[in-house]
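The values are calculated or read from the model by the stated rules, or taken from the named source; none is laboratory data. The model shown is predicted, which means the values in this text are computed figures rather than measured ones. Here the Cβ is made from the backbone with ideal geometry for all residues, glycine too, and neighbour counts use every protein chain on show.
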Amino acid sequence: MTTLFMLQNSGDYAQHKVVEVDQSQAQALIESGKAVQTSFGEYDQYRQQAKKLHSDYKKTKAKIEASDNPMYTEDVKKYELDKAYKEYEQATQQLQADWTQKRQEMQAEAYRKAAKATVPVTQSDKEMAEQVANRLTLKVQSAVNEHELAEAVTEAENTINYLSDSEKVALQANIYNVLQAIDSKASNYNTTSINGKGVLSSVQNLSNLDLLAGKLAAQIPDTVNQEYRTLNVVKNGHKMRRSY
């Protein structure tokens, strides 16, 4: 599986979301410009450490339980099992604490990068954006029925998708009129199937990953020791049942 960050909506995959897809699908999405390959930095390393701690604990547990040493009475086995679990618990909780701190540092850096990221916009970009917004607004307002409105909205989405990052940023200052015109016309025709979500998605579809760093960082997983958490829930469940 390949980890992607979606630059555009595509099928079931929402814009600015991190998704896992097979290699062939990933290649198609990347080549179409709808996604870029990404990763969560050191997350995979922490996950592998957590998995190894869990695997080592399971091996130790199985070895104790399978021992036929006469010195290993039921009480001794229970002591050794409890000791092994506590050692595993301490190690995996420390690993989780380390990851929590690391994740916070990664997110803080990403948010700083996003806050400082800029896309240079020229006067020409601003003039072009104003003209595009006016043209798209008029196209929407000129729609005489629901079918023409749908065509106007699709044309707006396609037009915006062809713009550069700087042109889209310039257009963001003018996009409100386009969205307002779409909502107004959709209301007139009493339809909820036509809206400005695609237009808004298109104008926000920037390829400058520094600007999008915060959206990616917000999706960094907060847990690395899933196996321990599952095991702990099971153990606590057994304790509760024995207490009744």
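Can you name the residue in segment 29-58 that is touching a strand residue (DSSP E or B) at 6+ places or on another chain (Cβ under 9 Å) and hydrophobic (A, V, I, L, M, F, W, C) and is also surrounded by the most Cβ atoms within 10 Å (Cβ to Cβ) among such residues? So, considering only residues that are touching a strand residue (DSSP E or B) at 6+ places or on another chain (Cβ under 9 Å) and hydrophobic (A, V, I, L, M, F, W, C), the one surrounded by the most Cβ atoms within 10 Å (Cβ to Cβ) is A35.
Answer yes or no: is there a residue in segment 83-90 that is assigned to a helix (DSSP H, G or I), more than 22 Å from the chain's Cα centre (by Cα), within 30 Å of A218 (Cα to Cα) and in contact (Cβ under 8 Å) with a residue 24 or more places away in the chain.
Within segment 83-90, one or more residues are assigned to a helix (DSSP H, G or I), more than 22 Å from the chain's Cα centre (by Cα), within 30 Å of A218 (Cα to Cα) and in contact (Cβ under 8 Å) with a residue 24 or more places away in the chain.
Over 19 Å from the mean Cα position of the chain (by Cα), within 25 Å of V121 (Cβ to Cβ) and of a type in the set (S, T, N, Q): does that describe Q172? Step through it out loud before you land on a result.
On the way: over 19 Å from the mean Cα position of the chain (by Cα): yes; within 25 Å of V121 (Cβ to Cβ): yes; of a type in the set (S, T, N, Q): yes.
When the stated conditions are applied, Q172 passes them.
Selection of segment 1-41 for residues being farther than 20 Å from L211 by Cα and part of a loop (DSSP other than H, G, I, E, B) yields M1, G11, D12, D22, S32.
Taking segment 91-105 as the region of interest, how many residues are touching a residue at least 12 places away in the same chain (Cβ under 8 Å) and polar (S, T, N, Q)? Can you show your working first?
If we filter segment 91-105 for residues that are touching a residue at least 12 places away in the same chain (Cβ under 8 Å), which is where we start, we get 91-93, 95-96, 98-100, 102-103.
Pick out the ones that are also polar (S, T, N, Q) and you get 92-93, 96, 100.
Number satisfying all stated conditions: 4.
Being under 12 Å from L136 (Cβ atoms), assigned to a helix (DSSP H, G or I), of a type in the set (S, T, N, Q) and touching a residue at least 12 places away in the same chain (Cβ under 8 Å) is the filter here; which residues of segment 167-204 pass it? Answer for segment 167-204, where residues must be under 12 Å from L136 (Cβ atoms), assigned to a helix (DSSP H, G or I), of a type in the set (S, T, N, Q) and touching a residue at least 12 places away in the same chain (Cβ under 8 Å): N177, S202. On the given criteria, is Y46 more than 12 Å from Y228 (Cα to Cα) and outside any helix (DSSP H, G or I)? So Y46 fails the test.
Among the residues of segment 166-210, those that are at pLDDT below 95 and of a type in the set (D, E, K, R) comprise K197, D210. The residue pairs whose first member lies in segment 106-121 and is closer than 16 Å to S39 by Cα, whose second member is of a type outside the set (A, V, I, L, M) and surrounded by 11 or more Cβ atoms within 10 Å (Cβ to Cβ), and whose beta carbons are closer than 7 Å, counting only pairs six or more residues apart or on different chains, are M106/G41; A110/G214.
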